[in-house]
1. I need the phi-derived Karplus couplings for segment B:210-226: 6.51 cos²θ - 1.76 cosθ + 1.60, θ = phi - 60°, integer Hz, Gly and Pro marked x.
2. Once amide H atoms are placed 1.01 Å from N in the peptide plane, what residues at a sequence separation of 5 or more from B:Tyr51, or on another chain, have their amide H within under 5 Å of its amide H?
3. List the pairs from B:Lys42/B:Lys238; B:Lys73/B:Lys190; A:Lys39/B:Lys190 whose alpha-carbon separation is above 30 Å, in the order I gave them.
4. Run the numbers on chain B and let me know its relative contact order in percent, using alpha-carbon pairs under 8 Å that are six or more apart.
5. How many angstrom lie between the C-alpha centres of segment B:1-60 and segment B:87-130?
6. Within 10 Å of each candidate Cβ there may be at most 12 other Cβ atoms; applying that plus a DSSP loop requirement, which trypsin sites (Lys or Arg not before Pro) in segment B:227-266 survive?
7. With +1 on each Lys and Arg Cβ and -1 on each Asp and Glu Cβ, how big is the dipole of chain B about its Cα centre, in debye rounded to the nearest 20?
8. How much of the DSSP bridge set in chain B is antiparallel, in percent, rounded to the nearest 5?
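Any read-out appearing in this document is the output of simple, stated calculations on the displayed coordinates, not a laboratory observation. A quick note: this is a predicted structure, and the numbers were derived from the prediction, not measured. Here the Cβ positions follow ideal geometry from the backbone for every residue, glycine too, while neighbour counts run over all protein chains shown.
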Amino acid sequence: MPVDLNALRNAVLNNQNRNDALPSNPSKQVVVDREGNVKIGTNVQPGEVTTQVPQETFAHNLQLQP
Amino acid sequence: MIILDNVLTEIQSQIAMHQPERGGALYGPKFQRAVTHFEYDKEGETSAVSYVPSLRLIENVKTVENHIGLQFKGIIHSHPRGFDRPSAGDLMAVQSFFRLNPHLSSMALPIVQQIHVPTEQQGLGFIHWFNAVKTLKPAELNPLSNGLQTAQTNIQIIAEDLFVIPLFKDVNSLVRALTLKGVELKITPKVQHLQIENTHLLGLVASNDDHQEFMFFLSLDYPLTSPIVLYQDNNQTKQLSFPWTGFDDKEASLNRMVEALLPTFH
């Protein structure tokens, strides 16, 4: 599976210059498929569910009913 | 759990060096037990005894999973000194998490303790790593609940070892060694994810205004397995060849990499 290293480098450098949603060191994934093709991005696949985070309290002394 | 060294540094500076309770979200490659990104929740509702994730952070989790390609791994937050385990209150939050996400069966739930002096990245005493796992039958009493008699839950809290991948440390070390040899490069502090078939790689780019550069990618097995280093040769990207004996002597291997890289800059 020969990988086009020039395409890989270009994809990485393009990512380096993008602004992303994550404030800390964000980057999109660069994917090299079985045939050696270089692609950017691994967006959620059809049918794949994204995570939901509840706005619950994380508390060290919350008393619960036994 | 595997964690990138810069994530640990960020957790230290954003959470551990401040009063509890503060928190944020953890992300990593899909289906891998690795944390490669941390998002501090600067808008989280905090008090001396509790942390509530902000709506902005909650919304951003979907954005990150949809557009960045990372997977949410869990919530990290700090407790007052001495409370170094998830509490009964934390378990309630985790229960809600599993109710909302029936497709998931675990989340990371590390607890941070306040420190006043930054420690070296190898010093992990300020962070206690736990994994909350959904179980089939209720746990009768959670022994990690700091003595609180909790309601029966379907959640097991499991303490985990933490393994740090020294990506920034080692690339910084390479750049310093190259500087001593007359090649000055600057690291772009943006971690690059690379997936080659089923192998996940993490990387950094070091470059300068004279178009000299190298790219350093490592796998989650690093330093047992060799990193992949790319360099430029007459506008062509090539892979650096060098002997790697990371199992035996990583520092010597990094020195050999510096020697192999030097001729590529001339």
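1. Each residue of segment B:210-226 in turn: 8, 6, 8, 7, 9, 10, 10, 10, 10, 9, 5, 8, 4, x, 5, 9, 5 Hz.
2. A:Phe58, A:Ala59
3. Values: B:Lys42/B:Lys238 42 Å; B:Lys73/B:Lys190 19 Å; A:Lys39/B:Lys190 19 Å.
As for pairs spanning more than 30 Å Cα to Cα, those are B:Lys42/B:Lys238.
4. Working: 496 pairs, mean separation 37.2, N = 266.
The normalised contact order for chain B reaches 14 percent.
5. What the calculation gives is 9 Å, centre to centre.
6. On the way: sites: B:Lys238, B:Lys250, B:Arg256; in loops: none.
Those that pass, being in a loop and sparsely packed, number zero.
7. Details: 20 positive and 27 negative charges, 109 e Å.
So the dipole magnitude of chain B works out to roughly 520 debye.
8. On the way: 46 of 55 bridges.
The answer is about 85 percent antiparallel.
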